[in-house]
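Here is the structure we will look at.
The values are calculated or read from the model by the stated rules, or taken from the named source; none is laboratory data. Predicted model, so just to flag it, every value in this text is computed and none were measured. Cβ sites come from the backbone with ideal geometry, for glycine too, and all protein chains shown count toward neighbours.
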Amino acid sequence: MVTGGWYTCPCCRRRLIKIGRTSTMYRVPVYCRACKSEWFPAIWNGRELEAGKPFPLTGEKIS
Ligand SMILES: [Zn+2]
């Protein structure tokens, strides 16, 4: 999830990467060292998009 301008680990809530109001990212692995897990957030203009929705740039469904 994105909170306070950061993408936070869905598992432990640690701040993983800073997200600006116009930030967009997709299919970028973001690693949490605490959980030893990789996450693939779908961020569009600073907001996280839900799984199953199309990603605006590609129209591809978010997994
Ligand atoms: Zn974590």
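Just so you know, in segment 1-32 the residues that are within 8 Å of the ligand (Cβ to nearest atom) and part of a loop (DSSP other than H, G, I, E, B) include one that is surrounded by the most Cβ atoms within 10 Å (Cβ to Cβ), and it is Cys9.
Scanning segment 35-63 for residues that are modelled with pLDDT of 95 or more and exposed (fewer than 12 other Cβ atoms within 10 Å of the Cβ) returns Lys36, Glu38. On inspection, Gly59 does not qualify as touching a residue at least 40 places away in the same chain (Cβ under 8 Å) and on the phi > 0 side of the Ramachandran plot.
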